Structures are given as C-alpha cells and as structure tokens.
Amino acid sequence: MAGSLFAFKLCATPLLILGASLAGRRWGETVGGWFVGLPLTSGPVILFVALGQGTGFAAAAIFGSLAGAAAEACFCLAYAAAAEYCRWPAALAAGSTAYAAGGLALGFADLPLWPLVACVAAALCTALALLPRRDPGPLPRGVPPRWDIPWRMATATVIVVGLTEAAPYLGPRLSGICASYPAFAATLAAFAHRADGKAAAVRVLRGLLAGLFAFVGFFAVLELTLEAAGIALGFAAASAAALAIQAGSLALLRR
C-alpha cells in the first residue's frame, strides 16, 4: 500500500503541475490556481489512508483536511500581503507560516462538521474579499526558459512527497493538515511571482480560493458518507459533489 501511494505521488504530481502550468499559460494564472484548488493530492492521500488504516482513521483525517482549507485562505492572504514588499521566497515563507498557524488553530478546535464547514467557507469568502483587487489586464510576458516547467514539476513533487511521507507519523488531524498544504498553488504562485510579478501571483491565489469551495464540498460529503456507505460510494459521491461545485466556481470566475 505504501509503495502504491509513493508511486502515485511520483507519477501524478508532475503531470498535475504540468497541466496546471499549461492551463495558466493558455487561459491565465487564475485558471491555473482554480484547477489546483481541487483535492488533487489530499483526496488520494485520504483514499490510501482509508484503504490502509481504516475508515475511522480517514474520517478523523478529513477534519484536518477541512481545517487545511481554511489555512489555505491564511496562506493566500499572507502571501499577497508579503508580496507587496518582498520577493517570492519571503512571500512563500510568510504564506507557509500563516498556513501552519491557521491549520493548527482550527484543526484542533474540535468543531463539529457543519460549524467547521461554515468556518472554512467564511474564511474563503473573507480571503477573496481581502485580496488585492487591482487587475492590470494582460500581463507582459517574455518567453519562459525551457527549464521553467520541468523545474516547477520537480519542485512540486519534492514538496508533495515530503509532506505526505511525513503525514502518517503525525496522527490523523496533522496528517490531514499536512496533506492539504497548497503545494501546487504555492509552486504556481512562486513561479508566476518570479516571472511576471506580484499581480500574477495574486491571480493564482484568487483562482485557488475560488477552487477551494469544491475542495470543501468534497471532504464534507466524504465525511458524511465514508463510514456509512463505504469507501467506493463515499469517494464517488464526494467526487461528484466536487465537480459540480467546481463547474459553478468556474462560471463565476468567467463572469
């Protein structure tokens, strides 16, 4: 089981960051961020946890994943605030610190499911409202170097593998929080910031926040169905809910 999860991460992570990077180049950074708002790593991690350690452990980890979604709102606000004055390494450090603080604070608050979901939704809405609103229109772009996307793929893979390999040793709540760290969005934002400036990074973050509503829907439905309906039906219902919400959030972004 551990070998299957490790192989999945090594194969899926670079392909997902490749797809998000190409989508960002084709349709803009906001769409790239929106795409990685889906539970592309945390969903499979919870699946393997459920298969390997049981649905009870996985259900507890889901609460950590939901808390991680609120912490991602903290990440976005801290990154955007630091980007006003700093380059991408300092902004990424600020965002990651805010993520850790927010995830730990909410992850161990022992809230019931629906109050937790309400807190997460409020955090996402607040972060969307507080992100810088200025939009300079199409950003001037140079020709990206050939190493740009391969380096993005390698960076995201190292982050995802490192976090998720450490997660099982931390207990269910911390496992869920670690699995929800926005590794893909952090990679996209940092590379956009380096290449095209802070406005490009903020576009990635705005797309991420819009996409995270599907993330919340996925784990809320999974928490309700995983132990009652079983792994297969639980994940099928959660995936259907996430895709429906994601389609709605894309329509709002396009407007």
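The values are calculated or read from the model by the stated rules, or taken from the named source; none is laboratory data. Given the structure is predicted, the values throughout are model-derived calculations rather than measurements. All Cβ positions, glycine included, derive from the backbone under ideal geometry; neighbour counts span all protein chains shown.
Report whether or not R133 is closer than 19 Å to T30 by Cα, more than 19 Å from the chain's Cα centre (by Cα), assigned to a loop (DSSP other than H, G, I, E, B) and modelled with pLDDT under 80. Write out each step before concluding.
On the way: closer than 19 Å to T30 by Cα: yes; more than 19 Å from the chain's Cα centre (by Cα): yes; assigned to a loop (DSSP other than H, G, I, E, B): yes; modelled with pLDDT under 80: yes.
Yes: the conditions hold for R133.
Looking for something within 15 Å of V120 (Cα to Cα) and without any contact (Cβ under 8 Å) to a residue 24 or more places away in the chain - is there at least one such residue anywhere in region 208-218? No - not one qualifying residue is present in region 208-218. Filtering region 103-122 to residues that are over 14 Å from I177 (Cβ atoms) and part of a helix (DSSP H, G or I) leaves L113, W114, P115, V117, A118, C119, A121, A122. Selection over region 89-127 of residues that are within 17 Å of the chain's Cα centre (by Cα), crowded, with 18+ Cβ neighbours inside 10 Å and not small (G, A, S) gives a count of 6. For region 1-18, which residues satisfy the criterion of being at pLDDT 65 or above and surrounded by fewer than 15 Cβ atoms within 10 Å (Cβ to Cβ)? Scanning region 1-18 gives F6, A7, L10, C11, L15.
Residue selection: R206 fails the criterion of being more than 18 Å from G43 (Cα to Cα) and either modelled with pLDDT under 90 or polar (S, T, N, Q) (or both). Residues in region 183-201 that are in contact with a Ser or Thr (Cβ under 9 Å, 6 or more places away or on another chain) and within 17 Å of A93 (Cβ to Cβ): A183, A186, T187, L188, A190, F191.
Could you tell me whether any residue of region 164-173 is modelled with pLDDT under 80 and not in a helix (DSSP H, G or I)? Lay out the reasoning, then the answer.
Taking region 164-173 and keeping what is modelled with pLDDT under 80, we get 164-173.
From the residues that got through so far, the ones that are not in a helix (DSSP H, G or I) too are 171.
The answer is yes; a qualifying residue exists.
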